[in-house]
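Only one structure is covered here, and it is reproduced in the block below.
The values are calculated or read from the model by the stated rules, or taken from the named source; none is laboratory data. Remember, it's a predicted structure, so these values are computed and weren't measured experimentally. Every residue, glycine as well, gets a Cβ built from its backbone with ideal geometry; the counts of neighbours run over all protein chains shown. Surface areas here come from the heavy atoms of the whole protein model, side chains and all, with no ligands, DNA or RNA. Shrake-Rupley method; radii C 1.70, N 1.55, O 1.52, S 1.80 Å.
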Amino acid sequence: MADAKKLARIHRVRTLQLNLTRADEMRAQEKHASETMLAGRIQALADAVAPAAATTFGGASLGAQAHFRERLHQSAAAAQARVSMAEQFAAQAAEATRSAKRDQSAVEKLLERARREALVREMRALEETPPTGRQGIRHDPC
């Protein structure tokens, strides 16, 4: 019976670990989505600041635009690096979730096996019990 209690306690711990890893995975996916959206917005800004052939505002304006464009490209590169890091973190979190699910499934299988073994023991114990005293006595109708 202590084995069943121990398995139940392990199952509770594994379930808690699985829920925590699922939460981590969701946070990682949300961060990846956020970083991807940010990188897209930065890229759209960089594309919007691209030089146009028809507009000439003078040397100072072109210099300012070039500087701003360079800064946006640096930001875009940094955003892409953050996106790739977020992808890696999301992949690691997904693997951790799969591992936790495997652990929990293994404990659930052990619990099910223990439950079946307990049922078999109870059935054998019932089969081995002697019959009660009144089963063989039949009364004639009065």
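Each residue in region 91-114 was checked for being open to solvent by 50 Å² or more (accessible area, probe 1.4 Å) and within 21 Å of residue 32 (Cα to Cα), and 4 of them qualify. Selection over region 5-35 of residues that are more than 15 Å from residue 97 (Cα to Cα), loosely packed, with under 15 Cβ neighbours inside 10 Å and among the aliphatic types (A, V, I, L, M) gives a count of 2. Could you list, in sequence order, all residues of region 115-139 that are modelled with pLDDT of 90 or more, of a type outside the set (D, E, K, R) and open to solvent by 90 Å² or more (accessible area, probe 1.4 Å)? Selection gives 123 alone. When region 76-86 is filtered for residues that are in contact with a helix residue (DSSP H, G or I) (Cβ under 8 Å, 6 or more places away or on another chain), at pLDDT 90 or above and either buried (at least 16 other Cβ atoms within 10 Å of the Cβ) or among the hydroxyl-bearing types (Ser, Thr, Tyr) (or both), the ones remaining, listed by number, are 79, 82, 83, 86.
Looking across region 36-47, the residues that are out of contact with any helix residue (DSSP H, G or I) (no Cβ under 6 Å at 6 or more places or on another chain) and either of a type in the set (Lys, Arg) or open to solvent by 80 Å² or more (accessible area, probe 1.4 Å) (or both) come down to 37, 41, 47.
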